[in-house]
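Taking it in order: structure first as structure tokens, then the write-up.
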Amino acid sequence: MSVDKISLGFLILSIVFSYLSFKAKDLLELIIYYTILNVLSFLLIGIDRMLYIVGVSLSVLGLLAITLWISKTYKSYSFLGLEGLVFKSPKLAFFLRLLSISLGGSPPFLNSSVLYLNIFYASTYVMMALITLSIFNFVVFVKITQNLLFGKPNPHLTYKDIDNKLTSLLSVVVFVNLVYGVVFLFNLI
């Protein structure tokens, strides 16, 4: 199968997953869509594939840790009714924002740095597929930001913030992803 056919299939899959992500009602569903599509993108990434997977894995690990904490704390994976975390759970909101920026494809995080490098050196079809992947990743970022971080806090909910153990884990995940991304960018210069 040629790279162009794989790219076209991936382009269509990216559009479908973007739509499904936009309709998603919980974080676990978003993580599943994000992980499947970004792992499949391994077929298209030509330069530094393994670094891309490491960056995606770090982002997913952090978001999964937050998702499991939300599930344990609020007894649901749904983000409906959890609006306003910025105002009520500042540490959780801070890490959720950093991880969603990483998921959304903003440099200097490792996965986005590798993705954008590959866009510049790709053939036309692969470039279109990777740009669509970038748009999909941005949809995930917007979905998390729109549904969890901002908005009016729910008066019927007792908000809690993450503990020091989870804060430490998330700090390491974000720091490693960020440092590797910056080192990757500096090695390009």
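Within the chain, which whole H helices from DSSP have a Cα span along their axis of at least 27 Å and a mean Kyte-Doolittle hydropathy of 0.0 or more, if any? Before the final figure, lay out each step's value.
Numbers: long enough: 3-23 (30 Å, 1.40); 49-74 (37 Å, 1.39); 124-144 (30 Å, 1.95); 164-188 (36 Å, 1.69).
Length and hydropathy pass: 3-23, 49-74, 124-144, 164-188.
Is it possible to state the helix-based mean residue ellipticity at 222 nm for the chain, with each DSSP H run of 4+ residues giving -39500 (n - 2.57), the sum divided by total residues, to the nearest 500 deg cm²/dmol? What is it? All intermediate terms of the calculation are to be shown ahead of the outcome.
Values: 8 runs with 136 residues, N = 189.
It comes out at -24000 deg cm²/dmol, rounded to the nearest 500.
If amide H atoms are built 1.01 Å from N in the plane of the peptide, which residues on other chains or at least 5 residues away come under 5 Å of the amide H of residue 151?
Residues meeting the criterion, in which the H sits 1.01 Å from N, are 84.
I'm checking a number: the convex hull volume of the Cα atoms of segment 3-188, normalised per residue, in Å³. What is it? Show your work: numbers first, answer last.
On the way: hull volume 17.6 nm³, N = 186.
Hull volume normalised by residue count: 94 Å³.
What does the charge add up to near residue 91, with Lys and Arg as +1, Asp and Glu as -1, over the other residues with Cβ less than 14 Å from its Cβ? Before the final figure, lay out each step's value.
Working: positive: 88, 97, 160, 165; negative: 161, 163.
Every neighbour counted, the sum reads +2.
Got a sec to turn the phi values of segment 76-85 into Karplus ³J(HN,Hα) couplings, 6.51 cos²θ - 1.76 cosθ + 1.60 with θ = phi - 60°, whole Hz, x for Gly and Pro?
6, 8, 5, 9, 6, x, 9, 4, x, 4
Subtract the Cα-Cα distance of residue 187 and residue 68 from 0.36 nm times their separation in residues, and report this length gain in nm to one decimal. Each step should come with its number before you reach the end.
On the way: separation 119, 0.36 × 119 = 42.84 nm, distance 3.55 nm.
Gain on extension, residue 187 to residue 68, equals 39.3 nm.
Going through segment 106-155, which chymotrypsin sites (Phe, Trp or Tyr not before Pro) have at most 12 other Cβ atoms within 10 Å and a DSSP loop state?
Values: sites: 109, 116, 120, 121, 125, 136, 138, 141, 150; in loops: 109, 121, 150.
Loop-located and lightly packed - 121.
So what is the relative contact order of the chain, in percent, for Cα pairs below 8 Å that sit 6 or more residues apart? List each step's numbers first, then the result.
Values: 252 pairs, mean separation 62.7, N = 189.
Normalised by residue count, the contact order of the chain is 33 percent.
So if R0 is 45 Å, what FRET efficiency would residue 164 and residue 5 give, r being the distance between their Cβ atoms, rounded to the nearest 0.05? Display every interim value, and only then the final one.
On the way: r = 50 Å, r/R0 = 1.11.
With a Förster radius of 45 Å, E is 0.35.
Here, each number is a calculation from the coordinates, and none is a lab measurement. Because the structure is a prediction, the values reported are computed rather than measured. So basically every Cβ, Gly included, is an ideal-geometry build from the backbone, and we count neighbours across all protein chains shown.
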